[in-house]
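First comes the structure, then the notes that go with it.
Rule-based calculations on the coordinates, nothing more; no lab input. Since we're looking at a predicted model, the values are computed, not measured. Using ideal geometry, Cβ is built from the backbone for each residue, glycine included, and neighbour counts are taken over all protein chains shown.
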Amino acid sequence: MPRRQDKRVLAAEAWRGLFDFIIATADHRNQVLAQLGLTPNDSRALGSLERASGRTMSALAREWRCDASTATWIVDRLEKRGLVERRAVPADRRVTLVVLSPGGVKTKAELIRGVYKAPRELLALETGELAALRDAVAPLARRPEGVPAARPHLRDRRRHAAD
């Protein structure tokens, strides 16, 4: 009887395949970013922000795992491009919230549309292979307890982008 493969070995092989695919398709993402004039940091920042609800600079720095000065620099860049706005909190004017501007909302939507468009390497697969791949990666969207889930607005857009 064949010996069951070690779970760590299988996980390492799966991760290697996923990671290699991500690296191999970097041009797809880089083209989308270039068309929008964004850097990878810009795209990450846009993904963290919404128009209606603001985020403090310290909350953004924690999420982006950087210091406050780096978060400020990223927000400054986006503000100069008209993609974000800083707003004072009426109840406490010492606190500043960062929100997407109308232009930022539009750019974020274009970014999501572009990066979620299937690269040619996926389109080369057979329909059955694509269905199997979709089903295999679906559990990755579910996070173990204590691990932050993807922001709901991104998950919802991902689902709709496939429609």
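Site pair Arg113 and Ser69 shows an inter-label distance of 3.9 nm when each label is modelled 7 Å from Cα along Cα→Cβ. For Lys106, a cut-off of 30 angstrom between C-alpha atoms picks up these lysines, skipping any fewer than 8 places away in its own chain: Lys80, Lys117.
Computed packing ranks the peptides 118-125, 133-140, 41-48, 54-61 as 41-48, 54-61, 118-125, 133-140, most packed first, by mean other Cβ atoms within 10 Å. What is segment 1-101 by shape, rounded, prolate or oblate, if you read a ≥ b ≥ c off the alpha carbon gyration tensor as root eigenvalues and call it rounded for a/c under 1.5, prolate for a/b larger than b/c, and oblate otherwise? Because a/c hits 1.5 or more and a/b exceeds b/c, segment 1-101 counts as prolate. If you stretched the chain out fully between Arg62 and Gln5, how much longer would it get, using 0.36 nm times the residue separation minus the C-alpha to C-alpha distance? Length gained, Arg62 through Gln5: 16.7 nm.
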